[in-house]
Every structure is written in C-alpha cells, then in structure tokens.
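Here is the structure we will look at, set down as structure tokens.
Just so it is clear, none of the values below were taken in a lab; they were calculated from the coordinates. This one's a predicted model, so the numbers in the text were calculated from it and none came from an experiment. Positions of Cβ are backbone-derived with ideal geometry, glycine not excepted, and every protein chain shown enters the neighbour counts.
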Amino acid sequence: QVQLQESGGGLVQAGDSLRLSCAISGRTASDLALGWFRLVQGKELELVAAIAWTAAQIYYLDSVQGRFTISRDNSKNTVLLEMNSLKPEDTAFYLCAATKTWLEISPNDYRYWGQGTQVTVSS
C-alpha cells in the first residue's frame, strides 16, 4: 500500500512562487510514476505534471510549461512541484497521485492519491 501526503500550498499573489511537496510512504516509490493533478470547482480533474520512475520522462500541461517544474528524489521518496510565475488561473486544489504505468493522463488510471493541498493565487 502506498500513502501520499501533500504539503506546501497556500495563498500567494500573481507572479509569486510556491513549492508543493508529496511525501510517499508505505513502500518504495522508485517503480511508480507520479503526477500532480489539480481540481477547480466545476471542472474536471486535470493532470498538471507527471514524472516517470527514472525521471527520464516528464509531462507538463501546456498552460504550465515553462513555469512549473516537477522533480523527484527516490532516495527520499519525495516528489516536488516548483510553481513559478503563478497566475490566478492556477488557483486549484492540487493532488499528488501515483501509478505503475507511463504516461497516464486520466485520473482514473492513478491508483494512489494524497488528500491534496489548496493553492490560491490572487490577482
């Protein structure tokens, strides 16, 4: 069983930066692909960024490309999402998720989920 716990959300102004962290426990995550999803009320859950187990493959949603950076440290069982130049439209509830296959875009293909953290960007 894999447990995921997010941290690092908060309220910031447009243009600011935030770093989200996802701590993985229960077993090693070195064979899992990790993704960050976000949920906005009234919209579907969307994959913002994902990273394969070797970190050789990375995916970004077009709207965050160049502003967000996903990374992982398998020795620490942690995945980070560095978010720069934040915009009000980045406001959402962010969740960390894990899956055994690459590349999964649909949230239905992720088996393990954290409880999420809120990111609010004011204009």
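For the range 41-101, with only Lys/Arg (+1) and Asp/Glu (-1) charged at the beta-carbon, what is the dipole magnitude about the Cα centre, in debye rounded to 20?
Approximately 200 debye in magnitude.
Hey, if you drop one equal point scatterer on each alpha-carbon of the range 12-73 and run the Debye formula without solvent, what base-10 log of I(q)/I(0) do you get at q = 0.24 Å⁻¹?
So the normalised log intensities work out to -1.16.
Using Cα centres only, tell me the gap between the range 1-43 and the range 75-89 in whole Å.
Answer, in whole Å: 7.
HN-Hα J couplings of the range 112-123 from phi, Karplus 6.51/-1.76/1.60, θ = phi - 60°, integer Hz, Gly and Pro as x?
Using θ = phi - 60°, the values come out as 10, 9, x, 8, x, 8, 8, 10, 10, 10, 8, 8 Hz.
Taking the highest mean first, how do the peptides 55-67, 107-119 order by number of other beta carbon atoms within 10 angstrom per residue?
Ranked by mean Cβ neighbours within 10 Å, highest first: 107-119, 55-67.
Quickly work out the GLU46-to-THR101 label distance, labels modelled 7 Å from Cα along the C-beta direction, and quote it in nm with one decimal.
Label-label distance for THR101 and GLU46, simple model: 2.4 nm.
When we measure straight from the Cα of LYS76, which lysines land under 20 angstrom away, once same-chain ones fewer than 8 places off are left out?
Output for LYS76: LYS100.
What are the principal axis extents of the Cα atoms in the chain, in Å, biggest first?
40, 28, 25
Which value, in debye to the nearest 20, describes the size of the charge dipole of the chain about its Cα centre when Lys and Arg Cβ atoms bear +1, Asp and Glu Cβ atoms bear -1, and nothing else is charged?
Using Cβ point charges on Lys, Arg, Asp and Glu, the chain gives about 260 debye.
Give me D for the range 1-48 in µm² s⁻¹, whole number, from Stokes-Einstein with Rh from the Kirkwood sum over alpha-carbon pairs, 25 °C and 0.890 mPa s.
188
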